[in-house]
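Shown next, in structure tokens, is the structure this report addresses.
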Amino acid sequence: MLLSSRVKGIHDSITMKLNEKAIQLTDEGKVIYNLSGGQLPIKPTHEFIEKIHHQLNFLKSYQYSPSAGFPALRKKLIKHFISSRRLPAELFENEWDCIVSNGSKHTLYNALGALIDPGDEVILLAPYWVSYPEMVKFWGGTPTVVKSNVFDAFVPAIDDIRKAMTPRTKVIIVNSPNNPAGVHYSEAWMREFAEFMREHPDLIVISDEVYSDISYFDPKPSYFYQVDNELLKRTIIVHAISKTLAATGLRLGWAIAGSNVINAMSRIQGQTTSGPNSLMQRALLDFDFQFLEGFLVPVKNHIRTNAAALREKFREANLGHCWYQSTSAFYFMIDFSRTPMFKRFEADQDHSYLIADELVNNEGITVVPGSDFGIPNTARISLVIEEVPFLEAIMKIVRYLNTVS
Ligand code: PLP
């Protein structure tokens, strides 16, 4: 069958593929350190599981919900957003709405579908989440990439964003805390970003905040619209239960934005998936968000411990110049280009895939090649596996980085 030109431009999700490879090698009896995972290896908090159990008893949990989600849940999510970001409630009267989708990936598709015309440019800050460029291309847009590097802890410079603006730029996606860098942009950065936004009154921001509850190094994440509330009028906030509640498979995400864009997203959603998963919406409606903090304390402690172990091992092995302080989400980007192992490679080309292949074949470690995040010769590792195997994996990586031939 002749496939559409639209789908020919879309790549497979590399993170999904790597996870599958790790499972397959483990099934074959190989010892595999899976550092490619994009999810917490635990179940959601029991208070949430109980709510799911309870909602199983009701007919409505099995039936279609309104296409934008249950109104009571949408209201609750807006309220939670206002209080967690310490925003004035009056701002949200009338003009604001929320749409619930089947995961925030779905939310982001809807948002880009509602905004992008063919030829529109969307600024992505590299390293960026692998799906952004594919989604932008799917809707006929053109990704414009602004890069950053390990010396700046993978935080892009606002001046570089300024230089990337053209008359076709319509949207910028900001993802703080960032997947894959494992950092959130500072308050000073957000202030500067707010200033940049004021210089471009037609620019729309998609603020992907799916990791905002997982920061383990103070100060906590803050946002440009807290500096200037007016900017909320052209911001689409995206959040989900996937990372916060360790519930990637339950598929629930949402967006909060002005009603016109939420209505447009709802029309797309209504004609594609009808609406979001009813059972999960009802469970989330019943769930008290106050339980989140207690649930996430051990999670954050664990990530912090692994991040510190990584720093220690890099320092001991004279790889300190390739290290930066990760602060949030649960990832770290290894920059190979300044390590002894890289002497084997030509510096001006990208070898991320080859390096990731060597790591899995020779050391039994799966990582995600950095070229898919827009930064060549790097890899993303996940900080969530248990401490002992994590340390073993890091020692193997360190040995690999310091091996010249
Ligand atoms: N945004 C970012 C930055 C992510 O890392 C992910 C998943 O890894 C998502 C959005 C989508 O998450 P979900 O569709 O599970 O809500």
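The values are calculated or read from the model by the stated rules, or taken from the named source; none is laboratory data. Because the structure is predicted, anything quoted here is derived from the model rather than measured. Positions of Cβ are backbone-derived with ideal geometry, glycine not excepted, and every protein chain shown enters the neighbour counts. SASA here: full protein model, heavy atoms, side chains in, ligands and nucleic acids out. Shrake-Rupley method; radii C 1.70, N 1.55, O 1.52, S 1.80 Å.
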Point to revise | Packing-based ranking, highest mean first, of 260-273, 17-30 given that Cβ atoms within 10 Å are counted | key: 260-273, 17-30
Check your understanding: If you take the Cα atoms of the stretch 344-404, find Rg, then find the Kirkwood Rh from the mean of 1/r over all pairs, what is Rg/Rh?
Key -> 0.97
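Counting only other residues whose beta carbon sits under 10 Å from that of Val360, what net charge do I get with K and R as +1, D and E as -1?
Working: positive: Lys21, Lys30; negative: Asp357, Glu358, Glu363.
That sum, taken over residues with Cβ under 10 Å, equals -1.
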**Study point:** Fraction of beta bridges assigned by DSSP in the chain that are antiparallel (%, nearest 5)
**Key:** 45 percent
Point to revise | Given charges at beta-carbon only (K, R positive; D, E negative), |dipole| of the stretch 330-405 in Debye | key: 220 debye
Review point. Put Asp372, Asp152 in order of accessible area, largest first, 1.4 Å probe: what do you get?
Key: Asp152, Asp372
Study note, to complete from the structure: Charge dipole of the chain built from unit charges on the beta carbon (Lys, Arg +1; Asp, Glu -1), centred at mean Cα; most positive-end Cα among Leu108, Leu401, Pro219 is Leu108
**Study point:** the chain, helix-only ellipticity at 222 nm - DSSP H runs n ≥ 4, -39,500 (n - 2.57), divided by all residues, nearest 500
**Key:** -12000 deg cm²/dmol
Check your understanding: For the stretch 98-256, what does the alpha-carbon gyration tensor say about shape, rounded, prolate or oblate, given a ≥ b ≥ c as the root eigenvalues, a/c under 1.5 as rounded, and a/b over b/c as prolate?
Key -> rounded
Practice item. Evaluate 2.2 N^0.38 Å with N set to the residue count of the stretch 1-142, then give the Cα radius of gyration divided by it. Key: 1.38
Check your understanding: With point charges of +1 on the Cβ of Lys and Arg and -1 on the Cβ of Asp and Glu, referenced to the Cα centre of the stretch 292-405, which listed residue (Thr305, Phe332, Pro369) lies farthest in the positive direction of the dipole?
Key -> Thr305
Point to revise | Peptides 343-355, 218-230 ordered by average Cβ neighbours within 10 Å, highest first | key: 218-230, 343-355
Review point. Taking amide H positions as placed 1.01 Å from N in the peptide plane, with prolines and chain starts having none, which residues 5 or more places from Thr169, or on another chain, fall under 5 Å of its amide H?
Key: Glu121
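What translational diffusion coefficient, in µm²/s and rounded to a whole number, does the Stokes-Einstein relation yield for the stretch 253-358 at 25 °C and a viscosity of 0.890 mPa s, taking the hydrodynamic radius as the Kirkwood radius over Cα pairs?
130 µm²/s
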Point to revise | Volume of the Cα convex hull of the stretch 74-126, divided per residue and given in Å³ | key: 137 Å³
Review point. If you place +1 on the Cβ of every Lys and Arg, -1 on the Cβ of every Asp and Glu, and leave all else neutral, what size is the dipole of the stretch 201-291 about its Cα centre, to the nearest 20 Debye?
Key: 340 debye
Review point. So what is log10(I(q)/I(0)) for the stretch 27-95 at q = 0.25 1/Å, when the Debye sum runs over its Cα atoms only?
Key: -1.14
Study note, to complete from the structure: Quick calc, the chain, dipole around Cα centre from Cβ unit charges on Lys, Arg (+) and Asp, Glu (-), nearest 20 debye, gives 520 debye
Revision key, fill the gap. Under the Karplus relation with 6.51, -1.76 and 1.60 and θ = phi - 60°, whole-Hz ³J(HN,Hα) for the stretch 141-158, x at Gly and Pro, equal x, 10, x, 10, 9, 10, 8, 9, 9, 4, 5, 9, 6, 6, 9, x, 7, 4
**Study point:** Mean Cβ count within 10 Å, highest first, over the residues of peptides 192-204, 274-286
**Key:** 274-286, 192-204
Point to revise | Cα pair distances of the stretch 177-253 binned at 10 Å [whole percent] | key: 18, 46, 29, 7, 0
Check your understanding: Using 0.36 nm per residue, how much length does the chain from Arg304 to Glu358 gain when fully extended, once their Cα-Cα distance is taken away?
Key -> 16.7 nm
Review point. Among Ala307, Ala181, Ala329, which one moves the most in a GNM of the chain with springs linking Cα atoms closer than 10 Å?
Key: Ala307
**Study point:** Positive-end residue, the chain charge dipole about Cα centroid, Cβ charges, pick of Cys322, Ala68, Tyr132
**Key:** Ala68
**Study point:** Full-extension gain in nm, Met1 to Gln290, via 0.36 nm per residue minus C-alpha separation
**Key:** 98.9 nm
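Find the all-direction average of the projected area of the Cα convex hull for the stretch 72-160, expressing the result in square nanometres with one decimal place.
If you wrap the Cα atoms of the stretch 72-160 in a convex hull and average its projections, you get 8.0 nm².
Over all directions, the average projected area of the alpha-carbon convex hull for the chain comes to how many nm²?
Approximately 21.0 nm², given one-decimal rounding.
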